[in-house]
Amino acid sequence: MIEVRLYATLREGRGKIVMLEPEKAANAGAVLSHLGIPAEDVAILLINGFHRKPEDTVKDGDVLALFPPVGGG
């Protein structure tokens, strides 16, 4: 299984953690598509704690963490 951890606004309607079968996601971009998250809504994408890009491969046992852009002041 691939564990996808969602943060802040990306959790809305999806929950904190989503588990996906590896067959449903060849790369991080496919995970985003499967979850209905536009790539531009993700500011930080980590695979197993390392910064990665949507085209990077994911495999069984990986943990993805997705963070949206943060604003404030």
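Read-outs: derived from the displayed coordinates by stated rules, not from any lab. Bear in mind the structure is a predicted one, so any value in this text is a computation, not a measurement. Neighbour counts run over all protein chains shown; Cβ positions are idealised from the backbone, glycine included.
Observations
- Annotation for the stretch 7-58: trypsin sites (Lys or Arg not before Pro) lying in DSSP loop with at most 14 further Cβ atoms inside 10 Å of their Cβ are ARG14, LYS16.
- Taken one residue at a time, the phi angles of the stretch 42-57 give Karplus couplings (6.51, -1.76, 1.60, θ = phi - 60°) of 10, 8, 10, 10, 10, 10, 6, x, 10, 4, 9, 10, x, 7, 6, 5 Hz. Gly and Pro are set to x.
- Antiparallel DSSP beta bridges within the chain, as percent of all bridges there, nearest 5: 75
- Estimated from helices alone, the mean residue ellipticity of the chain at 222 nm is -3000 deg cm²/dmol (sum of -39500 (n - 2.57) over DSSP H runs with n ≥ 4, per residue).
- When the chain is described by a simple charge dipole with +1 on each Lys and Arg Cβ and -1 on each Asp and Glu Cβ, the residue from ASN48, PRO69, VAL18 located farthest towards its positive end is PRO69.
- Among 34-42, 60-68, sorting by the average number of other beta carbon atoms lying within 10 angstrom of each residue, highest first, gives 60-68, 34-42.
- Ordered from longest to shortest, the equivalent ellipsoid semi-axes for the chain are 19, 13, 11 Å, each the square root of 5 times a Cα gyration tensor eigenvalue.
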